[in-house]
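To keep things clear, I will list the structure first and then write my remarks on it.
The values are calculated or read from the model by the stated rules, or taken from the named source; none is laboratory data. Note that the structure is a prediction, hence the values are computed from the model and not measured. As a convention, Cβ positions derive from the backbone with ideal geometry for all residues, glycine included, and neighbour counts pool all protein chains shown.
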Amino acid sequence: KKHKFWETQPVGQYKDLGNSSLSEGPIEPPTPLSEVKQEPYNLPTQYEWTTCDMGSEETCTEVYNLLKNNYVEDDENMFRFNYSKEFLSWALHPPGYYKSWHIGVRAKSSKKLVAFITGVPARIRVRNEVVKMAEVNFLCVHKKLRSKRLAPVLIKEVTRRVHLENIWQAAYTAGVVLPTPITTCQYWHRSLNPKKLIDVGFSRLGARMTMSRTIKLYKLPDSTASPGFRKMELCDVPAVTRLLRDYLAQFVVAPDFDEDDVEHWLLPTENVVDSYVVESPDSHDITDFCSFYTLPSSILGNQNYSTLKAAYSYYNVSTKTPLLQLMNDVLIVAKRNDYDVFNALDVMQNESFLKELKFGPGDGQLHYYLYNYRLRDALKSSELGLVLL
Ligand SMILES: COc1cccc(CC(=N)NC(=O)c2cccnc2OC2CCNCC2)c1
């Protein structure tokens with residue numbers, strides 16, 4: 001039966017969609033902490049739980065290798081996400097993180113890491129309510145242990161450890177449809193290195209198009225157009241926080257970032273996250289902001305290339321510079337830094353620039369979910385102001 005596990009969980013069930021007698025908000029009330037299961041869920045006897053200290057080079061390398069060889073692939077199994085170690089360390093150490101939410105499974109005999117799941121704390125606003133949530137990510141079971149029903153146990157265990165910290169909601173994404181998406185996003189790609197993308201099968205040569213015509217089509221200027229466009233610096237944190245909070249207020253679901261969050265999630269970190277501001281040349285105000293994160297993919301089975309260097313649109317705010325020009329500038333910077341492709345979801349106001357900046361639609365969708373929080377109706381993707389890693 002489909003979703004045997006998810007039908008046992010406090011998540012929006014299909015039968016509830018559009019049922020306006022059901023109120024928006026938590027589906028189940030918090031449990032008294034004394035009633036939360038104190039001990040970990042049972043694993044098959046040959047496996048044991050381990051808490052992964054991502055601050056340890058050795059453990060971080062084990063997690064990196066597990067994901068590099070066993071994490072999400074595209075629908076045609078040509079690419080696999082290859083999150084870097086510095087990315088994983090950044091993603092799992094935001095302000096207020098809990099080490100106990102970095103959960104691994106080892107084989108008792110070999111001590112090999114065979115599964116992983118994580119949570120990080122986040123304050124997420126849903127309409128006018130700011131809710132403490134866990135952002136759950138990096139659910140991975142070794143390819144050799146699939147269909148042993150390990151994923152439900154990993155999900156129940158991270159849920160139990162989140163409950164122990166008195167947090168009762170979560171946010172997560174998946175490429176598959178589960179009960180019940182709060183929104184479904186289309187992803188889009190902007191070619192930066194079309195020759196490589198066609199060589200590795202990520203893109204196809206358009207009909208009646210030659211390679212040289214295609215290279216010319218995606219060519220970008222060498223320098224950015226916005227006066228005052230520069231990398232974000234520590235001293236920009238207060239202004240960027242103000243800009244971002246004002247911008248995100250328009251969306252139904254969005255992070256409730258404070259200055260500490262902005263410093264962690266948006267200050268440039270080499271090979272992990274890049275962010276730029278537009279500082280007005282005369283007033284020196286920060287009027288615009290754009291950012292992307294770096295998530296390479298392994299290219300499976302290509303003689304000439306092993307890695308696809310991909311940028312993923314993160315948070316972008318335009319108040320003076322046209323969004324179209326701001327995003328074109330971020331494409332120029334990504335190209336200058338040798339990215340092969342720039343990816344974006346059709347969330348926030350992204351739809352307003354995708355086609356004009358020559359993004360093409362991807363062949364998949366990304367579904368967003370909330371755990372233990374019901375929305376009366378699914379959102380349009382443009383009502384979503386949350387980008388997960
Ligand atoms: C190009 O290499 C890939 C390797 C694995 C999967 C995919 C397709 C895919 N599933 N893409 C996305 O989920 C995606 C497409 C555009 C923007 N963000 C995305 O996912 C983010 C956010 C969710 N966690 C993964 C990274 C592509």
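Worth a mention:
- Extreme residue, surrounded by the most Cβ atoms within 10 Å (Cβ to Cβ), among residues of region 276-301 that are closer than 19 Å to Gly362 by Cβ and among the polar types (S, T, N, Q): Ser297
- For Lys148: the one exception among (1) modelled with pLDDT under 95; (2) within 16 Å of the ligand (Cβ to nearest atom): (2)
- Yes/no for Met54 being among the aliphatic types (A, V, I, L, M) and away from the ligand (no atom under 16 Å from the Cβ): yes
- Restricting attention to region 300-344, the residues being in contact with a Pro (Cβ under 7 Å, 6 or more places away or on another chain), within 15 Å of the ligand (Cβ to nearest atom) and not in a loop (DSSP other than H, G, I, E, B) number 3.
- In the set (1) over 19 Å from the mean Cα position of the chain (by Cα); (2) more than 23 Å from Leu266 (Cβ to Cβ), the condition left unmet by Val158 is number (1).
- Members of region 8-26 that are within 15 Å of Leu178 (Cβ to Cβ) and either touching a Phe, Trp or Tyr at 6+ places or on another chain (Cβ under 8 Å) or acidic (Asp, Glu) (or both): Gln9, Pro10, Val11, Asp16
- You will find that of Glu62, Glu58, Glu39, Glu86, the residue that is of a type in the set (D, E, K, R), at pLDDT 95 or above, exposed (fewer than 14 other Cβ atoms within 10 Å of the Cβ) and outside any loop (DSSP other than H, G, I, E, B) is Glu58 and no other.
- When Arg213, Arg204 are checked against the criterion of being over 19 Å from the mean Cα position of the chain (by Cα), in a helix (DSSP H, G or I) and under 26 Å from Gly360 (Cβ atoms), a single residue qualifies: Arg213.
- Test: Leu366 is at pLDDT 95 or above, closer than 22 Å to Gly18 by Cα, assigned to a loop (DSSP other than H, G, I, E, B) and hydrophobic (A, V, I, L, M, F, W, C): no
- From the list Thr61, Thr31, Thr50, the one residue that fits, being touching a Lys or Arg at 6+ places or on another chain (Cβ under 6 Å) and either touching a residue at least 40 places away in the same chain (Cβ under 8 Å) or among the β-branched types (Val, Ile, Thr) (or both), is Thr50.
- Extreme residue, surrounded by the most Cβ atoms within 10 Å (Cβ to Cβ), among residues of region 180-201 that are assigned to a strand (DSSP E or B) and not aromatic (Phe, Trp, Tyr): Arg190
- Residue among Tyr293, Tyr276 that alone is in a strand (DSSP E or B), under 22 Å from the mean Cα position of the chain (by Cα) and free of Cβ contacts under 8 Å to residues at least 60 places away in the same chain: Tyr276
- Any pair with Cβ under 8 angstrom, 6 or more apart, that starts in region 92-105 at a residue that is under 19 Å from Leu150 (Cβ atoms) and ends at one that is aliphatic (A, V, I, L, M) and part of a loop (DSSP other than H, G, I, E, B): His102/Met54; Val105/Leu43
- In region 6-21, residue modelled with the lowest pLDDT [restricted to those that are surrounded by 14 or more Cβ atoms within 10 Å (Cβ to Cβ) and of a type outside the set (Asp, Glu)]: Leu17
- Whether a residue is surrounded by fewer than 21 Cβ atoms within 10 Å (Cβ to Cβ), of a type in the set (Gly, Ala, Ser) and over 16 Å from the mean Cα position of the chain (by Cα) was assessed, and Ser318 does not pass this test.
- Checking Leu248, Leu244 one by one, the residue that is of a type in the set (A, V, I, L, M), more than 16 Å from the ligand (Cβ to nearest atom) and out of contact with any helix residue (DSSP H, G or I) (no Cβ under 9 Å at 6 or more places or on another chain) is Leu248 and no other.
- Filtering region 218-235 for residues that are more than 25 Å from the chain's Cα centre (by Cα), surrounded by fewer than 14 Cβ atoms within 10 Å (Cβ to Cβ) and not in a loop (DSSP other than H, G, I, E, B) leaves a non-empty set.
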